[in-house]
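Readers should treat all values here as calculations from the given coordinates under stated rules, not as data from a laboratory. On a predicted model such as this, the values are computed, not experimentally measured, just so you know. Because the Cβ atoms are built from the backbone with ideal geometry, glycine has one as well, and the counts that use them run over all protein chains shown.
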Amino acid sequence: MAFYDTDIEQLHAALVNKQVSASELTKAAFDQIKATDDQVQAFLALNEEAALKQAAAIDQAGIKDDQLLAGIPLAVKDNIVTKGLTTTAASKMLANFKPVYDATVVEKLAAAGVINVGKTNLDEFAMGSSTENSAFQTTKNPWDLTRVPGGSSGGSAAAVAAGDVLAALGTDTGGSIRQPASFTGVVGMKPTYGRVSRWGIIAFGSSFDQVGWLSRSVKDNAYLLEAIAGRDEHDLTSAKKEVPHFAANLAKADVKGLKIAVPKEYFGEGIDADVKEVVEAALKHYESLGAIIDEVSMPHTKYGIPAYYILASSEASSNLQRYDGIRYGFRAEDVKNLEDVYVRTRSEGFGAEVKRRIMLGTFSLSAGSYDAYFAKAAKVRRLIADDFTKVLADHDLIMGPTAVSTAFKVGEESSDPNKMYLNDLLTVTANMAGLPGMSIPAGFSKQNGLPVGLQIIGKAFDEQAVYDAGYVFEQTTDFHKQTPRLGGQN
Amino acid sequence: MAEKLGREAAKHVAELAKLSFTDQELDQFVPQLEETMHLFDDLQQMDTTGVEPMYSPTTEVNGMREDVAEKSGQKEALLQNAPETKNGLIKVPAIIDESED
């Protein structure tokens, strides 16, 4: 059974009424994975034995009305640590790494009775926009197996699009939840920086990284964010803010009179015409529902890419210093001395893109370059954040395309890292400012029939407004109900 | 700005980052890095006089908590992740280079 025409509420009701058991749902997930994953290659590891055992225990105990997520099979991106279950970040460096603890988000899900079916593929250490940078496999887009699913959470996006699970955890440093959601026609929410604990997330850019969900529907996403959000003493950047009942509040969602800002820079150079066409139609749809569409300017948008690649690479070069071949992970063979352990281990253990980012970051932070690069980029980050503050002072939300194009072909951009970086043009700025952003299915390209995402960006800690607008769109359109015909091209 | 990184400077940065590249790898990497740095040059033309740098979006500062041991006593599991162990300790090569003189 593919997890397509259902949602968390329906599955929960069926579980409570004993129309289906957690064991049956879990088996269904593995059956679907086995039917699709030879082609899609979304998963790096399956957690079959433990998942079925957990499901049996949940069935034994019985599922009560208030245990909404108990017995629901979901998947986890492989840069989120899972106790005893290999966590690789899709890197040779961590190919055999078995964490001794669960990430806070994983701990919360386990406590809620969620069943983790397995770990999904990504670009190595979440650096990339196609999953082609994985050291192990390239995930394919279920809509067209010759195309990428986006990245870095491409495995999670493809697993949801293939109907393997209703939702999968992702991480987003510069667009890594939203861009794959756009490419695969699913919902992807990057919450406000600080909304979700980063404890147990393999660090990339610590002032940008956030955990969130890729899901089939906005409401499922809202339920699932509630389950993982909140202050965590293990991550002191997690916010001491109350977590709203995002999903229940959707009952009051309305876009009449909603003030939507549309930055003209989001429709400028470098954005494909077929993407613009779909997004413009989506904005017209909001207008027809009573929203007020207002064209604005966010003049620093174009500086997002250079500033982001300086700052995120700098943080990455610092975070990835820990991979030294001493305490855990890969160690190069036949090393002569300690320096050799470090250099050979890192040179053999990291892939090309990770090395490029470490080089960019180390350069930007080095004496003589710090002021001109790192400090300069941090100032530009402020200007980008100020653009958002100004526009959101008199608008409820900002909308535009999520990605500059639809899913591109496998191999099309992987030889040119600089072309690959431009994919993040429309997503990095929300990470720079720490704001919540969500991609929802907005329609299909008239050129190639592939999904196109609409990006909705909100005020800090106002995920509710983002979900509300996405939910209203979903309730009044049926793009999210379209599913790929795996095996055949669309 | 727009000064090129160059091969020698790239080797220096690699040393700082504890990475090494073959000549062939440098042939590929240096032009790629230079092209990325060319993107960075867009920033140099911007006037950022008086702009406060933003290093993080968080507003949380100096969170305090009790320093208590949690999830401890996992020595065995931790050691299983080590590349080489001996007598319950992590084994590393000699720190002093014994390959020469």
### Task
Compute the separation of the alpha-carbon centres of region B:34-49 and region A:139-175 and state it in Å as a whole number.
33 Å
### Task
May I ask for log10 I(q)/I(0) of region A:238-336 at q = 0.13, 0.19 Å⁻¹, from a Debye sum over the Cα atoms as equal point scatterers with solvent left out?
-0.84, -1.07
#### Entry: Binned Cα-Cα distance frequencies in region A:67-186 - 10 Å width, integer %
16, 46, 33, 5, 0
#### Entry: Sequence-distant residues sharing a close amide H with A:Ser238 (under 5 Å, placed H)
A:Asp232
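As a test of the formula, what do you get for chain A when each DSSP H run with n ≥ 4 contributes -39,500 (n - 2.57) and the sum is divided by the residue count, at 222 nm and rounded to the nearest 500 deg cm²/dmol?
The helix contribution divided over chain A gives -11000 deg cm²/dmol.
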### Message
Please compute the volume of the convex hull spanned by the alpha-carbon atoms of chain B and report it per residue in Å³.
### Response
269 Å³
### Message
What number do you get for region A:226-290 when its Cα radius of gyration is normalised by 2.2 N^0.38 Å, N = residues?
### Response
1.67
### Summary
Per the Cα gyration tensor, region A:424-490 corresponds to an equivalent ellipsoid with semi-axes, largest first in Å, of 26, 16, 9
#### Entry: Whole-angstrom gap from region A:277-345 to region A:48-96, using each part's C-alpha centre
26 Å
### Message
With the cut-off at 1.5 for a/c, could you classify region A:176-251 from its C-alpha gyration tensor as rounded, prolate or oblate?
### Response
oblate
### Query
When the gyration tensor of region A:358-408 is built from Cα positions, what are the square roots of 5 times its three eigenvalues, in whole Å, from largest to smallest?
30, 20, 5
### Query
What whole-number value in cubic angstrom gives the convex hull volume per residue for the C-alpha atoms of region A:44-137?
95 Å³
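Which number do you get for Rg(Cα) / (2.2 N^0.38 Å) in region A:357-490?
1.30
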## Note on the structure
Checking region A:155-259 for GluC sites (Glu not before Pro) in a loop per DSSP with at most 11 other beta-carbon atoms within 10 Å yields A:Glu242
#### Entry: Label point at B:Asp27 placed 7 Å out along Cα→Cβ; residues across region A:348-370 whose backbone nitrogen lies under 16 Å
none
### Query
So what are the three principal axis dimensions of the protein assembly as shown from its Cα atoms, in whole Å, longest to shortest?
77, 60, 53
### Task
State, to one decimal in nm, how far the label point of A:Lys336 lies from the label point of A:Lys240, with both points 7 Å from Cα in the Cβ direction.
5.5 nm
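Which trypsin sites (Lys or Arg not before Pro) in region A:397-466 sit in a loop by DSSP (not H, G, I, E or B) and have at most 15 other Cβ atoms within 10 Å of their own Cβ?
Details: sites: A:Lys409, A:Lys419, A:Lys446, A:Lys459; in loops: A:Lys446, A:Lys459.
Within region A:397-466, the qualifying trypsin sites (Lys or Arg not before Pro) (loop, at most 15 other Cβ atoms within 10 Å) are A:Lys446.
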### Message
Between region A:428-490 and region A:204-253, how far is it from one alpha carbon centroid to the other, in angstrom?
### Response
17 Å
### Query
Around A:Thr301, what is the net charge, scoring Lys/Arg as +1 and Asp/Glu as -1 over all other residues with Cβ under 10 Å from its Cβ?
0
### Query
Around A:Lys27, with a cut-off of 11 angstrom between Cβ atoms, what is the net charge of the other residues, counting Lys and Arg +1 and Asp and Glu -1?
-2
#### Entry: Residues of type aspartates and glutamates that A:Lys481 reaches as a straight line, Cα spacing below 18 Å, ignoring anything fewer than 8 places off in the same chain
A:Asp5, A:Asp7, A:Glu9, A:Asp144, A:Asp164, A:Asp220
